[in-house]
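Working notes for the structure below.
FYI, it's all coordinate maths here, none of it is from the lab. This structure is a prediction, so every number in the text was calculated from the model and none was measured. Cβ placement follows ideal geometry from the backbone for every residue including glycine, while neighbour counts extend to all protein chains displayed.
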There are 2 protein chains.
Amino acid sequence: MEDLKFNVLRLLSEKYDFISGEKLASELGVSRTAVWKAVKSLRSRGYSIEAVPRRGYRLVKTPDVIFPQEIKRGLRTRVFGRKIVYFEEVASTNDVAKELASQGAPEGTLVIAEMQTRGRGRMSREWFSPRGGLWFSIILRPDMTPGEVPLLALMLGVGVAKALLREGLRCHLKWPNDVLVDGRKVCGILTELDAEMDVVNYVIGGIGINVNNEVKDFPMEFRHLATTVKAELGRKVSRVVLLKHVLEELERTYDGLNEKGGSVVLDEWRRLSSTLGKRVRVVTHGRTIEGLALDVADNGALLIELENGRIEKIISGDCLHVGKI
Amino acid sequence: MEDLKFNVLRLLSEKYDFISGEKLASELGVSRTAVWKAVKSLRSRGYSIEAVPRRGYRLVKTPDVIFPQEIKRGLRTRVFGRKIVYFEEVASTNDVAKELASQGAPEGTLVIAEMQTRGRGRMSREWFSPRGGLWFSIILRPDMTPGEVPLLALMLGVGVAKALLREGLRCHLKWPNDVLVDGRKVCGILTELDAEMDVVNYVIGGIGINVNNEVKDFPMEFRHLATTVKAELGRKVSRVVLLKHVLEELERTYDGLNEKGGSVVLDEWRRLSSTLGKRVRVVTHGRTIEGLALDVADNGALLIELENGRIEKIISGDCLHVGKI
């Protein structure tokens, strides 16, 4: 039944005009009653499907769902999101993606869920992932050493920021790859890797975007730190369209990295970042470092000029903007 | 009585030569009768112990077992091998260790098997792991970035080499961490890691040592490249004693790394390595680089001087010694 629903949806959305129940039934090798049940199930998920005697069924309106066939329709990527694993609810898309990657899932595989029950952020923090947001993970298989992966983390931030800018959102990047609007987080990224000493086996880019979910539903302690696309734009946006833009921008940025090297990504990051030129405080390995954020190094490290003029290279830790100098 | 037996065994197996009953008794603070009883008890467990009037006792043969209790007996480590998971046969100790580490197993956890059916080497190669060798993995939880892990890979090589030298084996290290005797591999190390962009979650040090297994049992294509401790020393050695020495040397080297920083490990590596000063050929990311191996960099990378005088820094790949310059 699950598959039939998706197949009926595929045929209806390929046409966007009436298709008779008889045709649907024969094309899918099922009874007309089964087709009718699939239509009812789709309607219950928010699809508006017209049914007219002697003409058949017609898809009128698609709800804000992220079913694989919705994502694939018109997706202009070569690799990213070509294979999709979808969940109504899952503990953590990163955990599923890791499992799939270790079993050989190809680059670009997308794991996505309507909600996560144990979403994870950086440094084993919790990540709040209710319905209405975009919570997904992408499997990457870059030809890199583990030490080069921070560059990939910046790349992920760049791709997401560019997609959100296309949506009209005035966002910027905070080192390494938080996406902020007016200082509030709209997207967080968890980059995980599995590697040998000198060769990356796979990287999981875990991306969480607050889209149509409500700020008021956030746990109290995060409420003043977070925002959503909807809150900023003052309207709901189509999550599936946004997701497709993210996949397209990610693929473009990733291809640029692979073809032209890290400097392309770093230049885009510099352009999109609000960290450089700011006074920052970074807690790294138990030390707190404060100074002027000067630049990013080739490997993605943040260069901070201390009070005494010394320059520290920070690859790890949380960065806090503490104001312009 | 149990403890005394183990202590007698420790002294005998450290020496592998005659020790008088008087010396054993005084060293352990017991009577000579107690020593004699301990020797009898050890014999009943399969230990062959020679007793010659006026010369004393000599351990001739140890049952070659690696039961957890054999490993733990007299093990002088704080963390390494304090938790042991033992298998008669397993697909891959690294895979088990990864699984345990992701479930929170503590640093130092040892996973060991009499044989592996799908042992893995570097770069997804097969690793031949029949009975008679030492095939094990250790879980590490270093406070490191992924880019620093190559240093840990060198550290693992240093620890194993030092333990083999204690055994009397004239071995040396080939970059990054193969342990060789006269150019033939006696130990291979697979270093795997799980990390966030900037924080290592855990590292698995997978170590395979050819000990009492037979070179003639190796697959034909590896036979001329491999050797065993037994073949080189002309005698069987106690795997469990060797393993304990490895665990002790590893812990000592790892502690040094954590307390004093990477330079300690690098200095030991330089001393034990036969790569530096040699002409080497390295295949890395599809390129072949040939030149003089000058040194190792702070992060464990190999510095190679090319024909044209340029110096390449190689972090990844296979290194082949092609002779002195």
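Values as computed for the structure displayed
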{"quantity": "Cβ-Cβ FRET estimate between residue A:103 and residue B:270, R0 fixed at 60 Å, reported to 0.05", "calculated": "0.90"}
{"quantity": "Cβ-defined net charge surrounding residue B:225, 9 Å radius [Lys, Arg +1; Asp, Glu -1]", "calculated": "+2"}
{"quantity": "For chain A, built as a Gaussian network whose Cα springs stay under 10 Å, the top-fluctuating residue of A:287, A:239, A:73", "calculated": "A:287"}
{"quantity": "Candidates per trypsin sites (Lys or Arg not before Pro) in region B:178-233, loop by DSSP, up to 13 other Cβ within 10 Å", "calculated": "B:223"}
{"quantity": "Among the listed pairs B:185/B:244; A:72/A:216; B:98/B:244, those beyond 27 Å (Cα-Cα)", "calculated": "A:72/A:216"}
{"quantity": "Most fluctuating residue given options B:144, B:155, B:123, as computed from a GNM of chain B linking Cα atoms under 10 Å", "calculated": "B:123"}
{"quantity": "R0 of 41 Å, Cβ-Cβ distance residue B:252-residue A:118: FRET efficiency to nearest 0.05", "calculated": "0.60"}
{"quantity": "Sites residue B:51 and residue B:76, calculated FRET efficiency, Cβ-Cβ separation with R0 25 Å, nearest 0.05", "calculated": "0.35"}
{"quantity": "Mean separation of Cα contacts under 8 Å (6+ apart) over length of region A:7-138, as relative contact order %", "calculated": "18 percent"}
{"quantity": "Averaged over B:137-147, number of beta-carbon atoms from partner chains that fall within 10 Å", "calculated": "3"}
{"quantity": "Sequence-separation-based contact order of region A:155-305, relative, with Cα cut under 8 Å and 6+ spacing, percent", "calculated": "22 percent"}
{"quantity": "Extension gain (nm, one decimal) between residue B:3 and residue B:306, 0.36 nm per residue minus Cα-Cα", "calculated": "103.3 nm"}
{"quantity": "Chain A: most fluctuating residue of A:268, A:114, A:14 per GNM, C-alpha cutoff 10 Å", "calculated": "A:14"}
{"quantity": "Linear extension gain, residue B:287 paired with residue B:222, 0.36 nm per residue minus alpha-carbon span", "calculated": "21.0 nm"}
{"quantity": "Ranked B:171, B:319, criterion: other C-beta atoms within 10 Å, fewest first", "calculated": "B:319, B:171"}
{"quantity": "Label point distance in nm, residue B:260-residue A:263, each placed 7 Å from Cα along Cα→Cβ", "calculated": "4.1 nm"}
{"quantity": "Rel. contact order, % - alpha carbon contacts under 8 angstrom, at least six apart, region B:68-272", "calculated": "22 percent"}
{"quantity": "Chain A, helix-only ellipticity at 222 nm - DSSP H runs n ≥ 4, -39,500 (n - 2.57), divided by all residues, nearest 500", "calculated": "-10000 deg cm²/dmol"}
